[in-house]
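To start, the structure under review is shown below, and the notes come after it.
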Amino acid sequence: MKKLYFPALFILMLCCSSCVDIEERYDFNKDGSCNVVYGVDMSRAVSVLTNLLSDSVRETPQFSLVKDTTINFYNALPDSIANKMNAEEIKLAQGSDLAVKMNLKNNVMKVNLTHKASTTAELQYYLQHISSLPINSPAFTVVNGSSKINNALDAGQRFTAGQDYYVYEISDNKFYRSVDKTKFNLFLKKVGSKLSVAKAMLIDMPCKVVLRFARPVKKINNSKAMLSADRRTVTLVTSMDEVMKNPSLMNLKIDL
């Protein structure tokens, strides 16, 4: 299959302001399980691209391609990568799904990594080890032969699902996470060039964290975090640029 993302699409995507929306969502259930979703949404960029691209490009089969697919993350990995993973990494990958929604003509381009943890202990382990998954591998492609998602999406996915710079403490009564600034600075060195290019081109990457609990929140320490009227949902909204300047904005200390 021909590549979906040709050079013109790369350039225009990078030149769009506010084109990448990053979200991590936690839905806690009464039985102690939790559904986790890490998502990157480039739909707003596509809406701009549709108006900027020529009619001939918009009518190509590649631009008309539609995908709405969910596949197991491990099954999406090529053998060259899967064969190098240890047993724990394989288990994490097998417990995660990759969902791709793409319809460029209707301004849709989303990629989500999902996982269901059965217990808070399993959730904490998953969050502390998810960075071992090959987030920038060919698994993060539009499935069935299309080309890699561009560097902006890769940086955004690393910013969410690749975060080995967080320290977690999770139980039935609390959800704590804090940024290890030493590890965060190492992370910036790895993806700093991509983030610098995005910043120079005025690309804003809004970041949202949503935690929905099965019972009311008693206390939360982050002044930027908003608590819903029923005290069950915590929403934190910031941007990649803000977090690069002050990573402690992503710290959360929630007591239930």
Residue that is surrounded by the most Cβ atoms within 10 Å (Cβ to Cβ), among those in the range 24-43 that are in contact (Cβ under 8 Å) with a residue 60 or more places away in the chain and not in a strand (DSSP E or B): M42
Residues that are open to solvent by less than 30 Å² (accessible area, probe 1.4 Å) and in a helix (DSSP H, G or I), drawn from the range 84-116: L92, A93, L104
Set S47, S80: member being over 16 Å from V111 (Cα atoms), open to solvent by 40 Å² or more (accessible area, probe 1.4 Å) and either modelled with pLDDT of 75 or more or not in a helix (DSSP H, G or I) (or both): S80
Cβ pairs under 7 Å, 6+ apart, first in the range 59-83 and farther than 19 Å from K101 by Cβ, second in a loop (DSSP other than H, G, I, E, B) and at pLDDT below 80: L77/P134; L77/S137; L77/A139; P78/P138; I81/P134; I81/S137
Residue within the range 176-195 that is under 24 Å from T119 (Cα atoms) and at pLDDT 95 or above present: yes
Residue match in the range 235-252 (condition: at pLDDT 95 or above and more than 19 Å from the chain's Cα centre (by Cα)): no
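The values are calculated or read from the model by the stated rules, or taken from the named source; none is laboratory data. Keep in mind it's a predicted model, so treat the numbers as computed, not measured. When we count neighbours, we look across all protein chains shown, and the Cβ atoms used for this are built from the backbone with ideal geometry, even at glycine. Keep in mind that these areas ignore ligands, DNA and RNA; they rest on the heavy atoms of the full protein, side chains included. Shrake-Rupley method; radii C 1.70, N 1.55, O 1.52, S 1.80 Å.
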